[in-house]
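Heads up: the structure comes next, in C-alpha cells.
The values are calculated or read from the model by the stated rules, or taken from the named source; none is laboratory data. What you see is a predicted model, and the numbers here were worked out from it, not measured in a lab. For neighbour counting, all protein chains shown are included, and Cβ atoms are generated from backbone atoms with ideal geometry for every residue, glycine included.
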C-alpha cells in the first residue's frame, strides 16, 4: 500500500471477502456449510506497506439478480489518515469474464488497471496487487 508520494503505508488493515473456487460465498449459497472456507480474512501492512493474502482464486459469482461477476476479491481498507473505510476489488488479468463484469465495466477503461492484479508466476498461482491511496495512478475505490 502506497500513499500519494509512493511512500509505504505501514500498519494499515486490509479486510478480504471472496467466493470460493466455485464462486460460492459462505452463508449465501446452499451446500456451502460443509466447507471450512469462510471467504473472509484480515491482513496488516508491514513497515514497507506490504501485505499477504494466501487464499484460493475465487470462481465466477452469480449474484441474486442473476448477474455474473468476474472472479474477484473484495477489499476493505482501514488506516491512519483514512477517515472512512475504502472499498475496492482485485480482478485477475487472465479472466475472460472481466469484460462482462458490471462493476469493472462501470470504471473508465484507462482506470481499470488499478483494480487488476499482476501475475507474478507463469502458473497463475501468485499475484501482486498494489493499493495506491492518492495520485494520478490512484486505485479505484468503490461507493458501497
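Assorted remarks:
- Scanning segment 14-23 for any residue that is touching a residue at least 40 places away in the same chain (Cβ under 8 Å) and in a loop (DSSP other than H, G, I, E, B) turns up at least one such residue.
- Just one of (1) under 19 Å from residue 130 (Cα atoms); (2) touching a strand residue (DSSP E or B) at 6+ places or on another chain (Cβ under 8 Å); (3) exposed (fewer than 12 other Cβ atoms within 10 Å of the Cβ) fails for residue 81. It is (2).
To keep it simple, each residue is scored yes or no on (1) at pLDDT 95 or above; (2) more than 14 Å from the chain's Cα centre (by Cα).
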position: 70; (1), (2): yes, no
position: 79; (1), (2): no, yes
position: 91; (1), (2): yes, no
position: 97; (1), (2): yes, yes
position: 110; (1), (2): yes, yes
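- Test: residue in segment 113-135 that is surrounded by fewer than 16 Cβ atoms within 10 Å (Cβ to Cβ) and in a helix (DSSP H, G or I): yes
- Among the residues of segment 51-78, those identified as free of Cβ contacts under 8 Å to residues at least 40 places away in the same chain, closer than 27 Å to residue 13 by Cα, surrounded by 12 or more Cβ atoms within 10 Å (Cβ to Cβ) and out of contact with any helix residue (DSSP H, G or I) (no Cβ under 9 Å at 6 or more places or on another chain) are 53, 55, 56.
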